[in-house]
1. Could you please find all residues in region 235-249 being assigned to a loop (DSSP other than H, G, I, E, B), open to solvent by less than 40 Å² (accessible area, probe 1.4 Å) and out of contact with any Gly (no Cβ under 9 Å at 6 or more places or on another chain)?
2. Going by the conditions given, is residue 186 within 22 Å of residue 319 (Cβ to Cβ) and open to solvent by less than 10 Å² (accessible area, probe 1.4 Å)?
3. Hey, residue 170 hits all of (1) open to solvent by less than 60 Å² (accessible area, probe 1.4 Å); (2) closer than 28 Å to residue 149 by Cβ; (3) in a strand (DSSP E or B) but one; which does it fall short on?
4. Select from region 93-107 the residues that are exposed (fewer than 15 other Cβ atoms within 10 Å of the Cβ) and either of a type outside the set (Gly, Ala, Ser) or farther than 22 Å from residue 150 by Cα (or both) and list them in ascending order.
5. Got a sec? Which of 180, 214, 196 is at pLDDT below 80 and in contact with a helix residue (DSSP H, G or I) (Cβ under 8 Å, 6 or more places away or on another chain)?
6. Would you check if residue 188 is out of contact with any Ser or Thr (no Cβ under 6 Å at 6 or more places or on another chain), modelled with pLDDT of 90 or more and closer than 18 Å to residue 140 by Cα?
7. Restricting to region 199-218, and then to whatever is in a strand (DSSP E or B) and of a type in the set (S, T, N, Q), can you tell me which residue is most open to solvent (accessible area, probe 1.4 Å)?
8. Which of (1) within 28 Å of residue 99 (Cα to Cα); (2) open to solvent by 60 Å² or more (accessible area, probe 1.4 Å) does residue 144 not meet, given it meets every other one?
Amino acid sequence: MKNIILAMLTMVVVVGCGGSDGSDPEPNLDAGAGSAPISVDASTPSTEVPEDADELQACVAINSIQLMDVAGHIVELTTKSMNNPEELSSEQCIPADSSIPVDSEGYPQFIVIDLYDVAGVDLVNLITEQLIPVGEYVSMGLSVLQGSYGDFFDTPYSYVGNQVDKQKLEILDGLTFEGLNINIDVPKTFTMTFDLRKMIQLVEDVYVMKNEGLTVVENTLASKIWGDIDPSSCLPSTDNAYVYLYDADTEQYGDLGSEHEPMMTAKVTEDNTYSMPYVPEGTYDVVLVCDALLDLPNQIDLDIDLDASSPKYTDQQLSGDEDKYLSM
């Protein structure tokens, strides 16, 4: 069984192991004034749900959430800290003749979430008001287990596929986001969102999961960009259209997987609308991409016109909890 640690040095939720790696023990829920409660939710924009989401699965086995402070100390939140971990898992991810193994205290060793099942439904509340030491934290992330249930089909804990055909999901080592310090001194709630087009990629017939596409934002600093598009901008059809979000300081508008790839993407729906919730505060460029379904993360520099006549908004500044409407 292999533990893969995805360290997100931005505003992310982390996972890891305690003990010999320098992690602190499970935080004391009865800690005094030196602690502050945090909550962690998971959500995905409904516009990112594939049409065949009822059959396609992206199951990810998570065994903890970790936070690292500026001194390098790690606070680990295992399934013992999660809300009813026995009820959090997506049942369709677990083989009918198997179950999630438990530890010596009867807690499940991990939860397994179908990212396509999370998409478009209510927030999944992973952690509620778990007390952690007050301080400045530089990372959060997810620890994902790679192993198998040992059933007849040797079903992997983390996989992409359907009820019949399941392919192991490879988790890449050493994946990091950089640049965010989080000062936790009062109650805070974080929300994780998943851009599955960027996060799960088929590379040389192997599914890999990368940290690109996973965003965690502190809710009071989260904004929303939404709006509609003019169908005439994407003749003859908007079926393949997406809206791409770029940092305003980007040197160019690159495609998925490139050096200057978008921070987020949102599919244009049948009624020609789009929505990007939980956007961190900052300054962005917003670009309409009519043929975005041709933009595969494992293929760079496809013939997609992002710089010339694409409808766009530049230097859009978002402050915390702002709701910005942009008609493309």
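1. Selection gives 238, 241.
2. No.
3. Evaluating residue 170 over (1) open to solvent by less than 60 Å² (accessible area, probe 1.4 Å); (2) closer than 28 Å to residue 149 by Cβ; (3) in a strand (DSSP E or B) leaves (1) as the failure.
4. The answer is 97, 101, 102, 103, 105.
5. None of the others qualify; the one that does is 214.
6. The answer is yes for residue 188.
7. 215
8. Every listed condition holds for residue 144 apart from (2).
The values are calculated or read from the model by the stated rules, or taken from the named source; none is laboratory data. None of these values were measured; they are calculated from a predicted model. Neighbour counts are summed over all protein chains in view; Cβ atoms, including those assigned to glycine, are modelled from backbone coordinates with ideal geometry. Areas reflect the complete protein model, heavy atoms only, side chains present, ligands, DNA and RNA absent. Shrake-Rupley method; radii C 1.70, N 1.55, O 1.52, S 1.80 Å.
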